[in-house]
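Working notes, beginning with the structure itself.
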Amino acid sequence: MTNKQVIAFLKKNPISVGCGVIALALAAGIYLRRDGLPAAEEQLNKLSDEGDRLATNIKYSAQLQEQLNTLLEADKKIDTRIVRASELAKNLQFFYKLESDTGTKISDLHQDAFSPKKGAKGVFTPIGFGFSVTGEYPALLDFLRRLEHGVHFCRVVTANVGVGSDLERPKPLKLNLTLELLGQP
């Protein structure tokens, strides 16, 4: 084949020749770039994940200030409801106020020695109290309700109810309580 015949063939079949040249170029490109394909896919996946993470962050950051304000407000409310182990008189006054409000009689009231629990996480720790409450059944229930719905976060550890030792009729009930109030050192 001479050059004139090749040029005449190219002029007669330009689409076929063009497709053949493109196919050869693509095949050569695939062959030469096949070693870099896994690395390029890995980079694409990393960048896609990073883009998804950033898009999610942008989506959820719109209400960040409002959420921070809500958390700060909740922290202030919690701070007003906790007891401090070092404020013994104030802590005992809480129980004496309950005593006067409910018409019961508290005896043997004591705050347990504060010792942080090992492995405890966070800034809050339970402050233990133990005492006995004597009174009529409705007054004891009122006392427990006020503890449950009171100013401080309370958890009753043990509770024992029995008949009091007075010789009066009807005999008052005696409630022995061990409880914990949420607090800080």
ask   = Can you find a residue in the range 79-98 that is closer than 23 Å to E148 by Cβ and touching a Ser or Thr at 6+ places or on another chain (Cβ under 6 Å)?
value = no
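In the set K77, K90, which member is without any contact (Cβ under 8 Å) to a residue 24 or more places away in the chain, of a type outside the set (G, A, S) and under 30 Å from S132 (Cβ atoms)? Give the derivation first.
Numbers: K77 fails: under 30 Å from S132 (Cβ atoms).
Answer to the selection: K90.
For residues in the range 93-109 being aromatic (F, W, Y) and without any contact (Cβ under 8 Å) to a residue 40 or more places away in the chain, which is most open to solvent (accessible area, probe 1.4 Å)? Spell out the reasoning first.
From the range 93-109, those aromatic (F, W, Y) are 94-96; that's our starting set.
Imposing the further condition that a residue be without any contact (Cβ under 8 Å) to a residue 40 or more places away in the chain reduces the set to 95-96.
On the way: F95: 0, Y96: 93 Å².
Among them, the one singled out is Y96.
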task = Kindly list the number of the only condition in (1) open to solvent by 80 Å² or more (accessible area, probe 1.4 Å); (2) under 25 Å from the mean Cα position of the chain (by Cα); (3) modelled with pLDDT of 90 or more that fails for Q63.
result = (3)
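The values are calculated or read from the model by the stated rules, or taken from the named source; none is laboratory data. From a predicted model like this one, the values you see are computed outputs, not experimental measurements. Positions of Cβ are backbone-derived with ideal geometry, glycine not excepted, and every protein chain shown enters the neighbour counts. Each accessible area value is taken on the protein alone, full model and side chains, heavy atoms only, with ligands, DNA and RNA left out. Shrake-Rupley method; radii C 1.70, N 1.55, O 1.52, S 1.80 Å.
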